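This report refers to the structure that appears directly beneath it.
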Amino acid sequence: MRNIFPGYYQPTEGEFSILWNEGIFVFDTNVLLNLYSYPEDVRNVFLSVLSKVTDRIWIPYQVGLEFHRNRFTRIKQANQRVEQLLQTINKTGSQINSEVNSIELEKRNIGISDIQDRLTAVQAAHTALSEAVQLACNKLPPISLSDSIGTKICELLDGRVGSPPEDQAALDELVADGQDRFDKQIPPGFLDAKNKGESTFRDRGLTYFRKFGDLIIWKQLISHARDQNIKNVIFVTGDKKPDWWWLDEPRTLGPLPELVQEIILKAGVERFWMYSADQFLKYAETYLKAAEVTAEAIEQVKEFSAPTMELAPSPSSPPGSTLLTGADVSSSSTVFERWLNESDTSTALSMGKDNFHHFQDNRRVSLTRDFLSENAVEIWIQLQHPYSKITKTKTFPDFIVEHKGNLFGYEFKFISNFSARAFPPSIVNTLLRGYLEIHESRLQGFTLLIGLPPDYDEYFNDMEWRKETIDRSLALLSKYPAGSIIFGTVFGDNFSEIIRIQW
């Protein structure tokens, strides 16, 4: 049965050992780009692990092309978080000083006579913190044609990149069945057709349709495995859309069976498996004896990877889970571990130990996404309103900010596949609800925050796409004058504003 239906079974412990000891490692574009976002020590750990298998790494030409096209955008995203923190520290330091002086605490007979001394201490702390963050800013990777991180990646992959299509005819032949595959929802990449439309770009004189990016990566991988007679393949990706992964919410079981079967049938591969970046790091510790890998490094890689996992939202929370706020998000792994360890005892008994750990990791990936996305938005709101009371609700809207007796609502929607041409009904319904809250005087203002995956930053550099998004947003706000719509990307625990449309 396993030989006839290989896509429906996870590799055995022995097969995993063969994969790690004999297979090639293929990395998706997002895994390489994420190296710009990791803290320096985590990045060094990841690069160290890659160096252990450098003779078995290979990437399709399409991955290399996408990496170079998106490198500067990712550097800007990675740097923005630290730069915003520095701005916030400097801004809040001045605001504290101004607020304390304006209300003249020392004259209010509160029994404390050293207000100015305390304020001086606070300012000193802000200055010290600002200096520390400034040092971090000084070490951020520059937007440069020869940045050190990009140089390391290029050295690592030197001679390990597939060939580009020979000409336009070869490229067109590569994606000739692309639209038919997408129409029939044959993986991978069919979800990209919804948000990338017919947009194109050029390379080496050839015209590429952006929606076929994942499909080209997949076909170039199959061709390489077939031509080189490769029998074992590990694919590492930060993409978690259901056009790559077999989902049984809230679990991610493994790669889609169709992908496993296709690469086995067309390339003659005997074993194929997929990992997220944090899973790759974890199992590298076991199979590659990578002693430099720490639990902290794995967790940090997981946090940066999670928001890009464009999974369909779960209809309900998993048994025993709780919704975490910004204050206790650091303990989220404890909640996940408790739920995982308390459930599926029968599953654990029916699997080997290593297989069950793979099963647990895939499930944990899908659980982490929503926690981190909402936490990123909460941090962003706190930075916008450092002296206001912020309440996280269980109803509508998600967050209420109280400032000088007025209430302002924020509702967050994470949309993994957004199209400027057709806003999803959830956006329209949310604006209507926000308008009613204002119209009936329960809120004095309302903002809809729309979170998009990190790669959408590139879309907003497309002026036509950007204009269409703004025009449609303004049309909705004219009908439901709720306040404003803010588009931003979610990456790690960072929500980065891209466009603000104010009515």
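The values are calculated or read from the model by the stated rules, or taken from the named source; none is laboratory data. Predicted model, so just to flag it, every value in this text is computed and none were measured. As a convention, Cβ positions derive from the backbone with ideal geometry for all residues, glycine included, and neighbour counts pool all protein chains shown. Quick note on the areas: whole protein, heavy atoms, side chains included, nothing else; ligands and nucleic acids left out. Shrake-Rupley method; radii C 1.70, N 1.55, O 1.52, S 1.80 Å.
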_Here is a check on your reading of the model: is Ser276 small (Gly, Ala, Ser) and open to solvent by less than 10 Å² (accessible area, probe 1.4 Å)?_
yes
*Return the residue satisfying two criteria in turn: it lies in the stretch 376-391 and is touching a Gly at 6+ places or on another chain (Cβ under 8 Å) and open to solvent by 30 Å² or more (accessible area, probe 1.4 Å), and of such residues it is farthest from Ala193 (Cα to Cα).*
Gln382
*What number goes with the only condition from (1) open to solvent by 30 Å² or more (accessible area, probe 1.4 Å); (2) in contact (Cβ under 8 Å) with a residue 40 or more places away in the chain that Thr207 does not pass?*
(2)
*Collect the residues in the stretch 107-125 that are modelled with pLDDT under 70, open to solvent by less than 90 Å² (accessible area, probe 1.4 Å), at negative phi and not aliphatic (A, V, I, L, M), keeping them in residue-number order.*
Asp114
*Just give me the residues in the stretch 214-243 being at pLDDT below 95 and small (Gly, Ala, Ser), in sequence order.*
Gly238
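Among the residues of the stretch 216-265 satisfying the criterion of being among the acidic types (Asp, Glu) and touching a residue at least 60 places away in the same chain (Cβ under 8 Å), which is most open to solvent (accessible area, probe 1.4 Å)?
If we take residues in the stretch 216-265 being among the acidic types (Asp, Glu) and touching a residue at least 60 places away in the same chain (Cβ under 8 Å), then Glu258 is most open to solvent (accessible area, probe 1.4 Å).
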